[in-house]
Every structure is written in structure tokens, then in C-alpha cells.
Amino acid sequence: MHFQRGLAPISAVSVFSAHREPGPQILLPIGMHRIIVHLSAATRSFCRESGYAALREAGDIDLIPSGATGGFDAESAYDSLEIRLSPAMLDQVAAEARRARPVEKFDVRHQLRNERIVHLANALAAEIRAGSPSGDLYADSVGTALAIQLLGMTDHEPLRSGRLSSQQLKRVLDFIDGHLDHPLTLDRLSREAGVSSSHLRTWFKVATGMTVHRYVLRRRLERARFLILNRDLRTSEVALEAGFAHQSHLSRWMRREFGHTPGDLRRMRGSG
């Protein structure tokens, strides 16, 4: 991974700042755990494998464990802060906490929100920019605090009063993305989250800014747009794969939400 501007690594903790231009953002596997904090205003991005569209905002966190890959296409330039922690540090913190859960169980996570991690990341970057006046001890202390936060993310998070935990929300969003071509009900999604249907309706909107129905509709439309632009499928096939009853249903909603039809997209693809 190329950094246009980097800060010197210290101890088992390294921190890098980067300015990224629009286009593919590929994270190749390395032997360190990576915590990437988005610093810029809202940046639209697209998953290269699924076509999933997301809006990255300042404070969003991507977690890439050691040996894992990550990446997306960014629609505009952005700045980020990346912290790398050695697996040995995470293992040591887990051992000192006499933690029963294996460290290896956490996986790639995108667009997490954790104010404590953002605060620690900014503090560590400021320390290194200042020439590390507190020495390696400070970096190790911050690295330990970050490791504790990461270990907490690997456990099932308890339900916070009045909202979904990040783990619950991730389960629901992953389930939606994996079943766009199937009927989705509030009851099934609430069971995935482990809450009542009424709580899911309320807390989902708090977490995403959308009702469950509107979120699913948008994801189906984004999926359909991805298929039209990247696959050689008939519109009727696209409609079924994206979870619409028929192609006229897809066309009506696509025009209403995006201002264009599947036919418009095909013409755009042909002229590209």
C-alpha cells in the first residue's frame, strides 16, 4: 500500500497519514492489524466485488486484520489515518486480560463508529508528528488501549439502550446484502438482530437514517444498477436477481429514485 505522506513507525505500533485520489483503493495482506480512520467529509465508495455503495464519513473506521485484504472504489479524493498493530501486541493484551476468546476470530469490518478509537488514533498521530516527546512508552500505551478496543469488538456487544449495537447492525446489513434476491420481512430481520420488530423499526432508522423498507429498496436498486453496468443480463434477469417482482417494477423505482431507467443505463454503458 502506497502512502503519499507517512509518519515514522515506532515500537509495535505504526501510524500513517495518507491523501488518496479517486479510484481503486486496494489493501493487500500484510502481517499487521490495520485500523483505518476516514478523515474527510462524506466520500461515496463502491465495493468492487458486490457493487455495494456506501457513504464514508469522517470518523468511519475500517478494520483489516493481519493477513486479510480490503478495498473499494472511491468516487472522490479523501484523507485517512492508518494505524498498524502487531498481532503479538494483541495476543499479549489478550493474555494479560486472561481472555478466553481466541484473538483470531475477528474479521474484516467496514464503517465502524467508535469515538474512543478515533480519539486514540488522533492522539498517537499528534504525538509522532511532535517528534514522539514521550517516547515509545506513550505509543505502547496507546497501542494497548487500541488493542483493548479491538478485542472488545470481537465479542458479542451488549445491546445499548435505545439503539442497535454495531455487531447487531452489521448482522442485519450483511443479511440484507446476502438475500436481496429473496423476500425480506421485518420479522426475519428482527430475528437476525435479536430484537423485537418494533425495536428494529425504530433503532434501524436511528442507525442508518432510513426505514428498513427504504434501505432495502435502495440496496436493491444499487444492486440492479451494478448488474446492468457490469453483467450481460436481460432486464428481467436483473430485476429477479435484485429482488424485484418484474422489470416494470424495477424500471419504475429506478426512474423515481435515480432519475433514469435500465435502458438509460445500458445506453450509458454502450457509450462509455
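The values are calculated or read from the model by the stated rules, or taken from the named source; none is laboratory data. The structure displayed is predicted, hence computed values, not measured ones. Cβ coordinates were reconstructed from backbone atoms using ideal geometry, including for glycine residues, and neighbour counts include every protein chain displayed.
Could you please find all residues in region 229-247 being closer than 26 Å to Thr185 by Cα and either of a type in the set (A, V, I, L, M) or crowded, with 16+ Cβ neighbours inside 10 Å (or both)?
Answer for region 229-247, where residues must be closer than 26 Å to Thr185 by Cα and either of a type in the set (A, V, I, L, M) or crowded, with 16+ Cβ neighbours inside 10 Å (or both): Thr235, Val238, Ala239, Leu240, Glu241, Ala242, Gly243, Phe244, Ala245, Gln247.
In this structure, does Ser190 turn out to be more than 27 Å from Arg56 (Cβ to Cβ), surrounded by 15 or more Cβ atoms within 10 Å (Cβ to Cβ), assigned by TED's automatic domain parsing to the domain that holds Arg171 and at pLDDT below 90?
Here the answer is yes, as Ser190 does meet what is asked.
Right, Ala94: at pLDDT 75 or above, surrounded by 13 or more Cβ atoms within 10 Å (Cβ to Cβ) and over 15 Å from Arg34 (Cα atoms) or not?
Judged against the criteria, Ala94 is a match.
Could you look through region 23-37, keep only residues that are surrounded by 14 or more Cβ atoms within 10 Å (Cβ to Cβ) and not polar (S, T, N, Q), and pick out the one that is farthest from Leu63 (Cα to Cα)?
It comes out as Ile30.
Which one of Phe175, Phe204 is surrounded by 18 or more Cβ atoms within 10 Å (Cβ to Cβ) and not polar (S, T, N, Q)?
From the options Phe175, Phe204, the qualifying one is Phe204.
Can you list residue pairs whose Cβ atoms sit under 6 Å apart, with the first residue in region 98-126 being charged (D, E, K, R) and the second being at pLDDT 70 or above? Count only pairs 6 or more apart in sequence or on different chains.
Arg109/Leu63; Arg116/Gln149
Could you list, in sequence order, the residues of region 69-86 that are over 18 Å from Ile117 (Cβ atoms) and modelled with pLDDT under 90?
Within region 69-86, Thr69, Gly71, Phe72, Asp73, Ala74, Glu75, Ser76 qualify.
Taking region 218-272, which residues are part of a helix (DSSP H, G or I), among the hydroxyl-bearing types (Ser, Thr, Tyr) and without any contact (Cβ under 8 Å) to a residue 24 or more places away in the chain?
Ser236, Ser248, Ser251, Ser271
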